[in-house]
Amino acid sequence: MPADAIELEVTESALIGKGQAAATQLDALIAAGTLIAIDDFGTGYSSLSYLHEIPANIVKIDRSFIAHLEEDARTQTLVGSMIRMAHELGYSIVAEGVENQAALDCLSQLGCNEVQGYLLAKPLPPRDLETWLANRSGTSAG
């Protein structure tokens, strides 16, 4: 499998205390073409300094910010700010936990690059994923 087909997700909390050693390893993975995603951004030990320190391509906004996105103007402001800031720093954005069309529409308006969640599909074993993909593209899996 080519390196650019692999996306490795890391959390800030998993990297705490690893310092330069972790950054060096992530830099090597990125240089090889692997995509690095900062998972669960905005939760736990999350800090803006991690966006500066962790070599990555993608920021994944935690589902806790998405759950009531369409109902709460403050959350919309926060998520919109996260998306704009991450874009300005060169990251692609993925929103986790998208479970309804209203949240998807809101994220689209805010400029989110990708979404994942039950609105699209629940986690699938490989064979079911092939069928799901085939049904979405109108071709047969094989």
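Quick notes on this structure:
- Considering each residue of region 7-16 in turn, none proves to be within 18 Å of residue 115 (Cβ to Cβ), without any contact (Cβ under 8 Å) to a residue 24 or more places away in the chain and charged (D, E, K, R).
- Hey, residue 121 over 15 Å from the mean Cα position of the chain (by Cα), surrounded by 12 or more Cβ atoms within 10 Å (Cβ to Cβ), more than 28 Å from residue 54 (Cβ to Cβ) and among the hydrophobic types (A, V, I, L, M, F, W, C) or not: yes
- Of all the residues in region 1-58, those that are on the phi < 0 side of the Ramachandran plot and part of a helix (DSSP H, G or I) number 25.
- Qualifying residue in region 20-41 (condition: loosely packed, with under 15 Cβ neighbours inside 10 Å, under 16 Å from the mean Cα position of the chain (by Cα) and not acidic (Asp, Glu)): no
- Residue in region 62-79 that is surrounded by 15 or more Cβ atoms within 10 Å (Cβ to Cβ) and touching a strand residue (DSSP E or B) at 6+ places or on another chain (Cβ under 6 Å) present: yes
- Positions within region 82-120 being hydroxyl-bearing (Ser, Thr, Tyr) and within 16 Å of residue 38 (Cβ to Cβ), in sequence order: 91, 92
Conditions (1) farther than 26 Å from residue 8 by Cα; (2) part of a helix (DSSP H, G or I); (3) hydroxyl-bearing (Ser, Thr, Tyr), marked per residue:
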residue: 76; (1), (2), (3): yes, yes, no
residue: 79; (1), (2), (3): no, yes, no
residue: 84; (1), (2), (3): no, yes, no
residue: 93; (1), (2), (3): no, no, no
residue: 97; (1), (2), (3): no, no, no
residue: 105; (1), (2), (3): yes, yes, no
residue: 108; (1), (2), (3): no, yes, yes
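Coordinate-derived values only; no laboratory data. Nothing here was measured: the structure is a model prediction, and the numbers come from that model. Reconstructed Cβ throughout: ideal geometry from the backbone, glycine too, with neighbour counts over all protein chains shown.
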